[in-house]
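In what follows, a structure is listed as structure tokens, so that the remarks can point back to it.
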Amino acid sequence: MELRHLRYFIAVAEALSFSRAATRLRLSQPSLSTQIRDLETELHVKLLERDRSNVSLTDAGTVFLKEARSVLSRADKAVARAREAAAGITGELRIATVDSLTIKFLPVSLTRLHVSTPTARVHVQERAPSEQLPLLQAGKLHVGFVPMHFARLAAGRGLGKVNIIRCPLAVMMSAAHPLAKQSGLHLLELADSTFIHITMFGSDAQRMWTEEICESMGFVARIGSSASTVDNLMSLVSAGAGVMLIPIVAQRPETPGVVVIPLLDPGLDYELHMMYNEKYPSDLRDTFMDIVKEEVAKLGPLYSPLAEGNTAPRSNHKRKRSGNGNHGGTGDGSDDGASDGSHRHATSAAGK
């Protein structure tokens, strides 16, 4: 039995006439009669009483008519939803992110997506970059956000990438720090400072990232306390327990007692990539990615290579000074970093 058999039966049952139903269906009357007989034979049930001048429903036919209409309605709805999903109007979107690195553009991007596709089901989860790649490859995630080193590791996995963020680094410190009034600093000026860090996803990636950067500038970082939450981290910084390196894209609104000062060293840029699987096309995903690209472009050339007027090559972003803000992070990383010429190690922290 196929859906067409249900449509044929419903047409006859509603018209109570094979000739009128055949005209409506644009079939010959003999062909329609054959289809209905085949349906009754398959069901082992008589659905219609017919004679030379009349057609009527049997009790079984009355019950079957109600159920057939329900089945066709659900089938039509399934087709409509599939077409809407294919057109990016509805469907499901699974996103993985590192919140501290996407705070400047992800909330507004999700708001815009909801306005344009209110029936879409969107799931956002915090995932370490090292966890995102296999999930993307398996088609369990539609979009992920990872630092540059992970984007490189994706080569050969069928994953596409868009470099959405390339920004300078900054140092977060107590407002009472002797250097807190400076408008910009070179990292070497902090060689005698204690560096604190945040533990993310059960990893000391941020600490290892900090050590890499300091080593690339010619000194060994003195590592101090760590925090497991943003609030605790800000309390440590405010109390003067140490300073912390962050990409400026991770700055948040000002916290009393905390200042953020841009680093002036050329080449210490941080890159963030938006990842997706090219083998699993999705118009809803593409709509979301287009919105993200528009939103990061609005951040300006200080933050994104997609911004209008950003003509700098990928490996040498033009610097500007940033204002105050707070908390930052680098995602997850390890000592398996990879440098990129003029970028040194700022974008190369890797994780597990």
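The values are calculated or read from the model by the stated rules, or taken from the named source; none is laboratory data. Fair warning: this is a prediction, and the values are worked out from it, not measured in the lab. Glycine gets a Cβ as well: all are built from the backbone with ideal geometry, and neighbour counts include every protein chain shown.
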Of the conditions (1) touching a Ser or Thr at 6+ places or on another chain (Cβ under 8 Å); (2) in contact (Cβ under 8 Å) with a residue 12 or more places away in the chain, ALA11 clears all except one; give me its number.
(1)
Leading residue by the ranking (surrounded by the most Cβ atoms within 10 Å (Cβ to Cβ)) among those in the stretch 281-294 that are touching a residue at least 24 places away in the same chain (Cβ under 8 Å), of a type outside the set (Asp, Glu) and more than 20 Å from LEU101 (Cβ to Cβ)
LEU284
Restricting the first residue to the stretch 40-52 and requiring it to be over 13 Å from PHE9 (Cα atoms), which pairs with a second residue that is modelled with pLDDT under 90 and in a loop (DSSP other than H, G, I, E, B) meet a Cβ separation below 7 Å and a spacing of at least six or different chains?
GLU42/MET1
Pick out the one residue from SER203, SER216, SER235 that is among the polar types (S, T, N, Q), out of contact with any strand residue (DSSP E or B) (no Cβ under 6 Å at 6 or more places or on another chain) and within 30 Å of LEU135 (Cα to Cα).
SER203
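Between PRO168, PRO147, PRO129, PRO178, which is modelled with pLDDT under 90 and within 18 Å of LEU263 (Cβ to Cβ)? First the steps, then the outcome.
Working: PRO168 fails: modelled with pLDDT under 90; PRO129 fails: within 18 Å of LEU263 (Cβ to Cβ); PRO178 fails: modelled with pLDDT under 90.
Being modelled with pLDDT under 90 and within 18 Å of LEU263 (Cβ to Cβ) holds for just one of PRO168, PRO147, PRO129, PRO178, which is PRO147.
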Quick one: which of GLU278, GLU254, GLU271 is closer than 27 Å to VAL230 by Cβ and surrounded by fewer than 16 Cβ atoms within 10 Å (Cβ to Cβ)?
GLU254
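Looking at GLY202, GLY139, which is the one that is out of contact with any Gly (no Cβ under 8 Å at 6 or more places or on another chain), touching a residue at least 40 places away in the same chain (Cβ under 8 Å) and under 27 Å from LEU106 (Cα atoms)?
Details: GLY202 fails: touching a residue at least 40 places away in the same chain (Cβ under 8 Å).
One residue alone meets the criteria, GLY139.
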